[in-house]
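Step one of this worksheet: look at the structure below.
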Amino acid sequence: MIDDTRTLSKGLAYTLAALSMFFAIGEFILLTLSNERPPHYNEFATYFIYLSGLLVVPVLMVLGARMSKFKLLAILWFHLFMSTLLLWFSEIVSPFTPTWSLLILFASIYYGWKGFIASSVNLIINTGIYIVLFPESLVPEAPIYIGIAIMINVITILNAYLFFRIIKNGKDKNVELWISRAAEKQRANQLSAVLNSIHDPVLTIDSDGMIVSQNAASQSFFETNESYVGRRVDAFVSLYSKDGGQILLSEYADNITNTLIRDDVVYGQGDERLYISLQVSRIERAVGEKSGGIVVVLHDITKQRTLDSEKDAFISVTSHELRTPITAIESGIGNIKLLRSQGVADERLDKFVDDTSKQVTSLSQIVKDISIVSRVEQGVDEGVEEVDLRHLLQELHDKYADQAKQKSLSFTMQIQDNPPAFISSRLYLSAVIENIVKNAIEYTKVGSVTVKASIENGHLLCSVSDTGIGISESDQDKIFEKFYRSEDYRARDKSGTGLGLYIVKLLATKMNGTVRVDSHLNKGSTFYVSVPVTLVKEVPSEEADPASDQKDSLKP
Ligand code: ADP
């Protein structure tokens with residue numbers, strides 16, 4: 001195959017450039033030192049040799065080694081240079097003739113068989129021209145001279161042929177090797193790109209339990225920049241089964257026959273532990289290897305597991321919480337029916353109706369909580385509307401006033417005078433404040449529950465203070481978690497799902513707001529909520545400025 005885009009090999013080109021200069025200088029020295037002239041001396045040919053040998057050939061060779069377009073010209077000119085040399089400065093039977101082998105070789109390296117033939121024919125034509133141009137030099141033994149000349153030509157061509165075969169053979173093998181190495185490298189690159197694009201850690205382990213390769217994800221998984229390659233896998237990868245027994249990957253490396261998948265694997269210990277789906281596959285044994293080793297993929301299923309267990313907890317807690325009011329409602333209705341069948345219509349009947357109605361309210365609250373959580377977690381947006389703060393809190397007060405009164409609690413609202421109307425999610429805001437107020441009344445035996453609210457600097461600030469049982473410091477970190485209920489027996493007394501404050505946090509965060517608590521055991525708690533709102537119309541700052549003592553008390 002001829003590759004015309006290739007440039008001349010530097011080594012070869014510079015050698016030929018040096019050779020042409022050597023011939024030209026040699027010619028010059030011979031002509032200058034001796035008075036004798038070569039047999040067919042020609043002045044024009046002499047200058048051509050000087051010019052070509054010292055300038056044109058070296059320049060063309062240098063250019064040909066850099067730019068492929070000068071390659072052919074360099075080869076042709078070198079042939080012309082040698083032809084001139086052989087024709088005008090030597091005999092038909094000349095020791096220079098075998099030098100032509102180099103030319104044939106040179107042409108065939110770059111132009112294959114075509115170059116070989118062209119250069120060989122050039123040599124033969126050269127000999128023919130010699131015979132035609134200088135027949136007198138063959139006299140008197142022309143047949144002998146011609147015979148020897150032909151022999152030298154044949155030897156020269158054969159020589160070149162031999163060298164050409166040797167080089168071509170070697171080159172073919174090298175090329176094959178080079179191609180197969182390049183293909184292997186390409187495959188290795190592809191494989192490592194695939195492995196590195198996988199988000200799960202992937203390790204290959206040899207039959208002795210040593211790590212042979214690791215992908216990029218494994219470094220972040222094992223939280224290290226170190227390479228594990230060449231080290232014992234069991235020393236790095238601490239995997240445990242559900243019952244706490246250690247899983248040794250090196251044992252799989254030696255005896256696994258098929259792909260194995262285990263979902264009961266734990267990586268690490270304590271709070272940091274991760275649930276893993278472990279996949280181990282056998283690598284086919286290569287020739288001469290005892291075993292091919294294994295590929296290990298560690299897929300982190302902690303989130304899935306947590307979600308699953310959250311779902312289980314959700315179902316178990318909610319079904320338990322639902323069962324209490326439902327049982328009470330069932331028995332309440334049973335009692336009402338019984339009393340009615342007995343014709344009883346006094347206060348006993350009223351009590352059952354009241355109790356049952358309370359249980360229905362509690363049931364409806366639980367269902368409402370669950371529905372809010374599920375809607376918000378699924379990203380359903382409730383939309384925004386114009387909100388009147390006074391109206392919103394008045395509704396809340398009306399709803400819980402009776403409950404507070406029954407417990408003899410003072411339940412007051414301190415709302416900023418003429419609060420500006422604003423745009424926000426009314427449903428979310430009322431759910432946030434209601435859950436906090438409901439808790440405050442629930443967990444306060446004596447004293448008061450006070451709600452303060454104002455709009456300041458584009459934020460709704462609301463605080464709910466009670467004089468109730470308070471929340472221990474350790475609980476304060478956890479009360480906003482899903483389903484969290486304090487272990488405090490006084491809180492355990494009350495029914496609840498542990499979803500109330502989770503909803504508060506969820507909704508406040510959804511509205512880009514914040515919520516925090518300040519509480520002391522047996523003294524009471526204050527919850528602070530701050531939510532950015534959009535005012536319906538900008539109010540001049542004087543008008544918007546409420547009584548300053550109230551404002552300060554609301555700052556979260
Ligand atoms: P629930 O009230 O349904 O148990 P919440 O998420 O509303 O769930 O509250 C979580 C826990 O926080 C409660 O179980 C209770 O122990 C504690 N808690 C919340 N509000 C108060 C409060 N005002 N005073 C004392 N403890 C509170």
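Can you tell me which residue among 408, 448 is away from the ligand (no atom under 13 Å from the Cβ), more than 30 Å from residue 386 (Cβ to Cβ), more than 44 Å from the chain's Cα centre (by Cα) and of a type in the set (Ser, Thr, Tyr)?
Details: 448 fails: away from the ligand (no atom under 13 Å from the Cβ).
Matching residue, one of 408, 448: 408.
State whether one or more residues within the stretch 413-436 are touching a Gly at 6+ places or on another chain (Cβ under 6 Å), under 29 Å from residue 361 (Cβ atoms) and within 12 Å of the ligand (Cβ to nearest atom).
Of all residues in the stretch 413-436, those touching a Gly at 6+ places or on another chain (Cβ under 6 Å) come to 435.
Still in the running and under 29 Å from residue 361 (Cβ atoms): 435.
Next, from what is left, pick out any that are within 12 Å of the ligand (Cβ to nearest atom): 435.
Yes, the conditions are met somewhere in the stretch 413-436.
Mind checking whether some residue in the stretch 470-491 is of a type outside the set (Val, Ile, Thr), under 18 Å from residue 365 (Cα atoms), buried (at least 21 other Cβ atoms within 10 Å of the Cβ) and assigned by TED's automatic domain parsing to the domain that holds residue 446?
The answer is no; no qualifying residue exists.
Please work out which residue is farthest from residue 523 (Cα to Cα), limiting yourself to the stretch 455-475 and to residues that are β-branched (Val, Ile, Thr) and within 12 Å of the ligand (Cβ to nearest atom).
Of the stretch 455-475, the ones β-branched (Val, Ile, Thr) are 455, 464, 467, 469, 471.
From what's left, within 12 Å of the ligand (Cβ to nearest atom): 464, 467, 469, 471.
Details: 464: 14, 467: 6, 469: 6, 471: 9 Å.
Top of the filtered list is 464.
Check the stretch 302-315 and report whether any residue there is modelled with pLDDT of 85 or more and in contact with a Ser or Thr (Cβ under 7 Å, 6 or more places away or on another chain).
no
Restricting to the stretch 378-394, give me the number of residues that are among the hydrophobic types (A, V, I, L, M, F, W, C) and assigned to a strand (DSSP E or B). Full working, then the answer.
We begin by selecting, within the stretch 378-394, every residue among the hydrophobic types (A, V, I, L, M, F, W, C); these are 380, 384, 387, 389, 392-393.
Right, trim to assigned to a strand (DSSP E or B) and you get 387.
Count: 1.
Do the conditions hold for residue 478, that is, is it more than 39 Å from the chain's Cα centre (by Cα) and either assigned to a loop (DSSP other than H, G, I, E, B) or within 7 Å of the ligand (Cβ to nearest atom) (or both)?
On the way: more than 39 Å from the chain's Cα centre (by Cα): no; either assigned to a loop (DSSP other than H, G, I, E, B) or within 7 Å of the ligand (Cβ to nearest atom) (or both): yes.
No, not satisfied.
Would you confirm, using the coordinates I've provided, whether residue 505 is more than 12 Å from the ligand (Cβ to nearest atom) and buried (at least 18 other Cβ atoms within 10 Å of the Cβ)?
Working: more than 12 Å from the ligand (Cβ to nearest atom): no; buried (at least 18 other Cβ atoms within 10 Å of the Cβ): yes.
Taking the combined requirement at face value, the residue does not satisfy it.
The values are calculated or read from the model by the stated rules, or taken from the named source; none is laboratory data. The structure displayed is predicted, hence computed values, not measured ones. Glycine also receives a Cβ, built like all others from the backbone with ideal geometry; neighbour counts cover every protein chain displayed.
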